[in-house]
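Heads up: the structure comes next, in structure tokens.
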Amino acid sequence: MAKLMCLCFIILAIAVAVSADECEGDRQAMIKECAKYQKWPANPKLDPSDACYAVWQKANIPCLCAGVTKEKEKIWSMEKVAYVANFCKKPFPHGYKCGSYTFPPLA
């Protein structure tokens, strides 16, 4: 029984590590390809590049949103994030929370 518990723990630890690596990879890709479309000031809103679009298609958005802090919200314009998400056909549902920001209904 102890061996089974140990095996379960190891599998869980590997799953958590893989998930964290995936999220960090998505975060780095988002910074590299999408930063200029999503940073302050809130205007103008620019259509993202094809590379940024590709990042949005693959990214684990719930994982990325879980890492959004008040400090990051000073860097990233959540209005621009919503604009890029909509452009990339990955809109946030009304009421979805990303950090402390709650997405309004789609315009």
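If we keep just the residues of segment 61-80 that are of a type in the set (A, V, I, L, M, F, W, C), open to solvent by less than 50 Å² (accessible area, probe 1.4 Å) and out of contact with any strand residue (DSSP E or B) (no Cβ under 7 Å at 6 or more places or on another chain), which is farthest from Y37 (Cα to Cα)?
Top of the filtered list is C63.
Identify, from the list A54, A35, the residue that is open to solvent by less than 60 Å² (accessible area, probe 1.4 Å) and free of Cβ contacts under 8 Å to residues at least 12 places away in the same chain.
Just a single option satisfies the conditions, and that option is A35.
What's the number of the condition P48 fails, among (1) open to solvent by less than 20 Å² (accessible area, probe 1.4 Å); (2) within 14 Å of the chain's Cα centre (by Cα)?
All conditions are met except number (2).
Can you pull out the residues in segment 75-100 that are out of contact with any Pro (no Cβ under 6 Å at 6 or more places or on another chain) and farther than 17 Å from N43 by Cβ?
C88, K89, K90, P91, F92, P93, G95, Y96, K97, C98, G99, S100
The values are calculated or read from the model by the stated rules, or taken from the named source; none is laboratory data. These figures come from a predicted structure and were not determined experimentally. Here Cβ is always computed from backbone atoms with ideal geometry, including for glycine, and neighbour counts include all displayed protein chains. Note: accessible area is taken over every heavy atom of the protein model, side chains too, but ligands, DNA and RNA are not part of it. Shrake-Rupley method; radii C 1.70, N 1.55, O 1.52, S 1.80 Å.
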